[in-house]
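In what follows, a structure is listed as structure tokens, so that the remarks can point back to it.
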Amino acid sequence: MRLLALDYGSKYIGVALSDELQISCRALPAIVNLSRPKQLDTIRELCATHEVEAIVIGIPLSLDKTEGPQAKLTKKFAGQVSRKTGLATILWDETHTSQAAEELLTLGKSKNRKDKARLNSAAAQIILSSYLNR
């Protein structure tokens, strides 16, 4: 069974999917500018289509591993995802994933919406890869 990873943000939700053996993963198109109910419906549809067994959600912790305001929002989102999909959500430290994704994609400070969406999905891929390599 596959794992889905999400990089939660207010405008973009990056998405990545593992292979069936949970050895590798790839970025999927980000979820962009949808209402929360539509975001959750899209996530549920992705999980059903790809036979996902659990969802890994990146949680932004500070360098001292404490939770700030965005981490609290992410936890709330994770609960909503779990209720909507009926699947377990796994919170995984996403420290430095956005920077790593930016370096990977060499996007710099692009204001292009497509680039920002790709950046979030690349971050989700890095989160999932980190989880798979635990």
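Key figures for this structure:
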item	result
Segment 1-79 - share of DSSP beta bridges that are antiparallel (%, nearest 5)	70
Least to most buried among 93, 19 (fewest other Cβ within 10 Å first)	19, 93
Residue 50-residue 38 pseudo-label distance in nm [points 7 Å out on the Cα-to-Cβ vector]	2.1
Relative contact order %, the chain, counting alpha carbon pairs below 8 Å whose residues are six or more apart	34
Over 21 Å (Cα to Cα) - which of 11/38; 38/76; 11/65; 11/72; 72/116; 65/116 fall in this group	11/65; 72/116; 65/116
Length gained when the stretch residue 64-residue 26 is fully extended (0.36 nm per residue, less Cα-Cα span)	10.7 nm
Cα centre as origin, Lys/Arg/Asp/Glu Cβ charges: the chain dipole, Debye	620
Rg/Rg_ref, the chain, where Rg_ref = 2.2 N^0.38 Å and atoms are Cα	0.96
Beta bridge orientation in the chain: antiparallel %, DSSP, nearest 5	50
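Where a number appears in this text, it was derived from the coordinates with a stated rule and is not lab data. Every value quoted in this text rests on a predicted model; they were computed, and no experiment measured them. Every residue, glycine among them, receives a Cβ derived from its backbone with ideal geometry; neighbour counts consider all protein chains shown.
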